[in-house]
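Here the structure is laid out as structure tokens; the discussion comes afterwards.
The values are calculated or read from the model by the stated rules, or taken from the named source; none is laboratory data. Just so it is clear, the model here is predicted, and its values are computed rather than measured. Note that each Cβ is placed from the backbone with ideal geometry, even for glycine, and that neighbours are counted across all protein chains shown.
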């Protein structure tokens, strides 16, 4: 059985302010209507394979599950990493899960945040690798390079790179400087390291045990005691926390004598920066990519993303402008690789804009923090049909709810009431309450919070459908 494994880790820092810690780039529709995760799953349609195993962080579990639900896609489990530990531990957990399903599983490892314009070339490369992967080889997919990129690792095969047959790997080179990258490209012997792999699950575990036993042992212990709830598989946090953080390249591929590479040219991009999006997306006659409510006059070669207001440019070139509800980025195209440094500065200032958007998604729906001042906060809340918020109370704030559309079922201190459109209800400080949508259409309501402390951690949950505490 070919078992796809989709790795959904990473924060996509260089695509801030769209990509944030709690809603990173793999869950965003950066090209077209599908998110990158959804496009990765669709890419599997031409293969005879099992439903994918998803590996993601605990914080992203409901986003991943909801995006699979939107596609009506089955899966073989959503494994939740208690803490980020890079790709080698994530793949180890997935391999252990795959062997529980099928002792003969062959893993196809796919990052969730890549773009490919040609699924056919990708499928051809996978198909050409299957026989070799069925043995004891660990195969990396190398991308035929289009320019001397400095943001990727490079792979050299023993013989000329082939798109038909995997070749033994003779050399790995980490992200080179510009001059070195030009020499690698000029040689015609090197491929970009895509982070896509195929190998037998047990072969990978054997190599990991031999080459980095500490990762293997920590993951094995965490897996032995894992728990399940709903769609989610939870390795034990204490055991997983002891695991070293390391990539599959460092932990295994650069050390094993079983590594091979196959070349492919699927129109690949890791979408690592705003500049890469500018290269991929359709442009107008002035070379601009304009998304949302925008107007550009005497402006060329810009990327402008407007989410909630008109963004107008006049007489500017080579800029990246990204406007969200709570942050605006204006950067020169040649400087976008330094956005990570900018985000690090914001983190040092403990700015919430690096963590989440003003609009925050929850398993029951979403809320938009519209306004905030001393002792008050206003949110617009959307609750999906048949969804329910936790039974909870607050020590420091009272709440007023005004229903704009739909019908809400509200319970306050064991007293139940239906609140319909244009009606409101008051929840005092300390009252145990719940909010549910019993209907078939979404509820839209305005919540006005007032009190001495309005933080999200002022919630005592007594019962929650989604396992939160």
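Things worth noting here:
- Residue match in region 377-384 (condition: surrounded by 16 or more Cβ atoms within 10 Å (Cβ to Cβ), outside the structural domain of residue 449 (by TED's automatic domain parsing), more than 23 Å from residue 59 (Cα to Cα) and modelled with pLDDT of 95 or more): no
- Residue count for region 163-201 under the criterion of being out of contact with any strand residue (DSSP E or B) (no Cβ under 6 Å at 6 or more places or on another chain) and over 28 Å from residue 90 (Cα atoms): the result is 12.
- Meets criteria (over 20 Å from residue 361 (Cα atoms), modelled with pLDDT under 95 and within 15 Å of the chain's Cα centre (by Cα)) for residue 31: yes
- Any hit, region 432-444, residues being surrounded by 13 or more Cβ atoms within 10 Å (Cβ to Cβ), free of Cβ contacts under 8 Å to residues at least 60 places away in the same chain, farther than 24 Å from residue 65 by Cβ and in the same structural domain as residue 366 (by TED's automatic domain parsing): yes
- Which listed residue, of 85, 69, 73, 20, is over 30 Å from residue 330 (Cα atoms) and buried (at least 21 other Cβ atoms within 10 Å of the Cβ): 85
- Looking at region 1-111, the helices (runs of 4 or more DSSP H) lying wholly inside it that each contain 2 or more residues that are free of Cβ contacts under 8 Å to residues at least 60 places away in the same chain sit at 36-42, 61-71.
- For the criterion of being loosely packed, with under 13 Cβ neighbours inside 10 Å and either at negative phi or in a strand (DSSP E or B) (or both), residue 399 fails.
- Within the span defined as region 48-64, every residue fails to be assigned by TED's automatic domain parsing to the domain that holds residue 91 and within 26 Å of residue 282 (Cβ to Cβ).
- Residue within region 151-161 that is under 30 Å from residue 103 (Cα atoms) and touching a helix residue (DSSP H, G or I) at 6+ places or on another chain (Cβ under 8 Å) present: no
- Only listed residue being in contact (Cβ under 8 Å) with a residue 40 or more places away in the chain and over 14 Å from residue 15 (Cα atoms), chosen from 355, 381: 381
- Once region 244-289 is narrowed to residues that are touching a residue at least 60 places away in the same chain (Cβ under 8 Å) and under 30 Å from residue 314 (Cα atoms), the residue that is surrounded by the most Cβ atoms within 10 Å (Cβ to Cβ) is 274.
- One residue from 358, 362, 380 being in contact with a helix residue (DSSP H, G or I) (Cβ under 8 Å, 6 or more places away or on another chain) and closer than 26 Å to residue 17 by Cβ: 362
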